Amino acid sequence: MFDRNSFLPYALPAAVLVAGAILLFQGESKKPGQERPKPGEPGMQMPEFKPSPEHLKLKKLVGSWDTTMSVMGQPETKGSATFTMFGDYWCMQDFRGDVMGKPYRGHGMDGYDPLKRLFVTIWVDDMSPMASTMTGTFDSSGKVLTSTGECTDPSTGKLVKNKFTWETKDDNTMEFRMYQVGAEGTEQEHLHITYKRRK
């Protein structure tokens, strides 16, 4: 026979679960203008970006290049660089050469931030545990990209200002220069690399 007292301990939790499920699937009534979440709220969709002319400019670097590099006025050394695209927005460089008689490998990532309207560079290499980050713009000719940023000087542990310049001579030739910027704005060239596209 049906025992009411033995049924209640099971019926009450079941009723609570059913009521909770109804509220969960039904949802609270929304006021006008609240159908879409506001920026920063959970459920906000990411904006959809498309490659810009600046991203297409980076894509033109894709390929293999032979390099000639001079560090701090030392004799030139030969090397190579390979540029590949990572998706539609980032151009990655794998660089191999010699610095002060030692094998050197560097890895860079270049992109364009459409919100800040700046080109972005991140550089790491196998001779330093610190990364360099730079931002910059092209000049009016569209041939010279000048980027600035800070990195840690391994000898002092202090931040120093750097300036990079990329100059496109033609579709198959580029010149890269790195300067250290002094406290008074003086610039000292530390690195010069000539890139020639491999045919």
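Considering only Cα-Cα distances, which of the following residue pairs are longer than 18 Å: K102/K169; K57/K161; K78/K196; K57/K169? In this structure, K102/K169; K57/K161 exceed 18 Å between Cα atoms.
Computed over the range 53-197, the convex hull of the alpha-carbon atoms projects to a mean area of 9.0 nm².
Under Stokes-Einstein, with the Kirkwood radius over Cα pairs as Rh, the value for the range 153-199 at 10 °C and 1.306 mPa s is 129 µm²/s.
Readers should treat all values here as calculations from the given coordinates under stated rules, not as data from a laboratory. Note that this is a predicted model, so its numbers are computed, not measured.
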